Amino acid sequence: MSDARETGRGPVRIGFRTSIVTAVVAAVLVVGLTLVYLSFRRVSSITQMAASTFIDKVGQIGADRIDAQFKNVRDNLEILAGIPAIQEADVADNVRLYALLASMLRNNPQIFNLYVGYEDGSFLEMDVIDRAKPQFRTALNVAPDAVYRVVVIARSGAAAAAPVTLFLSENLTQVAKVAGPHSYDPRQRPWYVDAFKDRKTLLTGPYVFYATGEPGYTLRTPLGEGRRGVVAADLLLNRLEEMLSRQKLGKSGLAFLFNDADRIVGHPEMRELMTERSDALPRIDAIKLPGLSAAIQSWRSDGLAQQFFTDADGRTLVAAFHRIETAGAANIHLAVVAPLDEFFAKIISERRALFAIALGFVIAMLPFAFWLGSLLARSLRELARQTDEIQRFQLADRPRMQSAIDEIDELGRSVFTMRTVVRNFSSFIPQPIVRQLMQSGASLQLGGIRREVTVLFTDVADFTAKTEKADPSQVMIFTSRYFAAMSEAIMKHHGTIDKFIGDAVMALWNAPDEDPDHVVHACEAVLDCIHRNAELNRAFRSEGWPAYTTRFGLHLGDAVVGNVGSAARMSYTALGATINLASRLEGLNKNYGTQVLVSAAVRARAEHRFAFRSVDQIRPKGFADAITVYELCDGLRAMRRTRRFRADVLRALGRRLQFDPVRGARRGGAAHRRFPGRVPLGLCRAIPCRTTAQCRSAAAA
């Protein structure tokens with residue numbers, strides 16, 4: 001073997017030591033570049049410091065502007081709370097109050113609506129219809145000139161009346177009027193209840209508005225004088241998109257709002273971020289900046305507003321985070337993020353020019369380093385690819401990989417040997433077991449577990465008589481073709497070949513891999529085996545070889561599944577009464593003239609997919625209860641058999657009714673031989689029958 005290996009080698013061999021020397025040379029080059037880099041470290045430090053100061057200033061200005069918008073809404077609420085009409089709950093037919101609310105809404109485009117609720121259930125709300133999504137206007141079903149929606153619920157006082165909804169034009173002319181809502185009670189709404197629980201909290205947490213389908217906040221404050229109540233406003237934060245777009249720095253900078261739950265509450269592209277889930281605010285991860293979340297956590301832990309991080313492309317970004325003070329308990333923060341190179345492009349370009357000079361010498365060494373690195377990487381990538389194929393159980397033949405490097409050549413020989421060993425190993429042990437061993441890295445051990453399995457036994461009828469005088473080599477060839485067809489059908493339908501026993505096959509479903517539809521898959525496999533067996537028999541006959549007629553026994557039940565044997569020689573199999581009964585069902589096919597016999601347990605789990613014919617009740621040795629046996633039929637075949645059965649029985653009955661018992665018995669006997677176990681005893685009484693007992697217990701079709 002050594003000579004063969006020497007012959008297969010190329011004329012040039014490079015030891016692994018040479019590769020190590022090359023790596024050392026590369027390390028020396030890295031050290032040299034590091035020294036050059038350190039000479040510019042000061043420039044980088046100054047650049048980062050200036051960028052940090054600048055972005056912090058921009059972030060603070062942006063936070064102040066957004067804070068001013070919240071303050072403006074708060075001031076409008078305080079004005080409303082001080083109006084006598086609001087304090088006295090004079091909300092019905094109050095045109096002057098409606099005009100004031102409309103004026104406030106016109107001057108505050110970020111507000112969707114203003115409303116007030118009272119302790120007696122009275123309520124007033126004015127919405128700007130077109131500030132919501134177009135579906136909102138469609139759902140209201142109002143005229144195009146309707147600009148405002150006013151909901152009035154007056155429950156006390158002289159103006160008490162039924163709830164009504166008004167639709168007003170731009171100049172507050174009434175366009176439409178509808179009754180309701182009748183079931184709405186502001187006292188049960190969170191904005192009303194929570195306002196009295198915590199009077200210091202002006203702003204609720206962000207949520208997606210029901211009417212608009214867009215994110216926002218509710219600002220509310222209790223009335224200080226007059227009637228007990230709460231005045232509030234809903235803010236549409238998508239109005240902040242334009243402002244946030246103006247806050248960005250450079251071409252690819254970004255400014256956005258987020259809260260302590262790491263949810264985005266304002267973004268220049270908020271609509272796109274809300275496309276996938278419109279019922280919840282998007283998470284910070286939706287921005288697609290891998291280092292951003294870590295930078296936010298660092299800010300929360302050390303309190304430093306300025307943070308540096310690297311994105312997926314290796315680009316350095318600087319960020320600043322500031323709290324929006326007016327938001328109070330809502331905990332809204334502004335983040336301003338921008339690439340460092342866009343802050344000081346000129347400084348960075350000059351630094352790159354200096355680096356280019358230092359890199360000149362290194363570039364001169366690149367051709368050799370590239371050649372050697374490619375030589376190593378190509379071989380290692382090929383070995384890694386072949387190893388991955390083996391792990392994925394892709395065991396097709398491949399030529400042995402050879403390399404000029406001695407150690408890699410040895411590794412290629414090992415991978416080639418491993419592929420051959422695994423392929424041969426999987427021919428003797430079920431492939432799912434081999435795959436599990438490769439994935440887990442565990443070794444085979446004796447032992448098993450109890451699990452529900454579907455067990456199949458097959459056997460070739462009169463196999464010995466057909467093959468005892470044939471050439472043994474021909475028997476092996478044709479039988480192997482037969483086993484290949486059966487195995488392919490079984491494994492196609494998720495079955496595991498347990499073993500070959502002479503001309504018989506034992507197969508399992510739901511072991512070792514779990515299969516929730518194992519009974520259905522087993523029935524599909526049996527029918528597929530029958531079809532493949534028929535195709536194979538046609539080929540056998542054309543080649544002058546006798547056809548193989550296969551009988552099947554299928555049973556469902558609990559069994560002990562695992563490795564049995566000794567530490568030196570073990571086999572994966574299943575043990576228990578379930579296995580024994582499946583084997584007996586296969587043998588009973590000879591008595592009933594059937595091809596596939598299954599137990600009642602199989603029929604109960606698969607009768608919604610397949611046709612079954614009742615055959616008999618048996619009491620196998622070792623079983624306390626009688627077991628009903630069924631024949632598994634192909635759907636079309638079962639229909640034809642049923643039609644033929646009924647025709648034969650009707651002919652037999654007709655002869656008996658014509659007082660011709662002899663011919664009637666003959667008809668009944670013919671039906672009995674074709675359909676054993678299903679013909680009533682009276683129809684075939686005159687014909688000698690080996691299965692008279694089963695006729696007595698069978699029911700007519």
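Quick notes on this structure:
- Positive contributions from Lys and Arg (+1) and negative ones from Asp and Glu (-1), summed over other residues with Cβ under 10 Å from the Cβ of Arg609, come out at -2.
- Estimated at the nearest 10 Å², the accessible area of Phe612 is 40 Å² with a 1.4 Å probe.
- Selection of GluC sites (Glu not before Pro), segment 445-498, meeting DSSP coil and at most 13 other Cβ within 10 Å: Glu468
- A probe of 1.4 angstrom, applied to the heavy atoms of all protein chains, finds Phe308 with accessible area near 80 square angstrom.
- Heavy-atom accessible area order for Ser183, Ser252, largest first, 1.4 Å probe: Ser183, Ser252
- Of the listed residues Glu125, Glu535, the order by accessible area with a 1.4 Å probe, largest first, is Glu535, Glu125.
- Distance from the Cα centroid of segment 450-499 to that of segment 537-597 is 8 Å (rounded to whole angstrom).
- 31 Å Cα-Cα threshold exceeded, pairs from Lys466/Lys499; Lys197/Lys288; Lys492/Lys590; Lys469/Lys590; Lys71/Lys197: Lys197/Lys288
- In segment 149-199, trypsin sites (Lys or Arg not before Pro) in a DSSP loop with at most 11 other beta-carbon atoms within 10 Å: Arg199
The values are calculated or read from the model by the stated rules, or taken from the named source; none is laboratory data. In this text the structure is predicted, and so the values were computed from the model without any measurement. All Cβ positions, glycine included, derive from the backbone under ideal geometry; neighbour counts span all protein chains shown. In case anyone asks, the SASA skips ligands and DNA or RNA and just uses the protein heavy atoms, side chains included. Shrake-Rupley method; radii C 1.70, N 1.55, O 1.52, S 1.80 Å.
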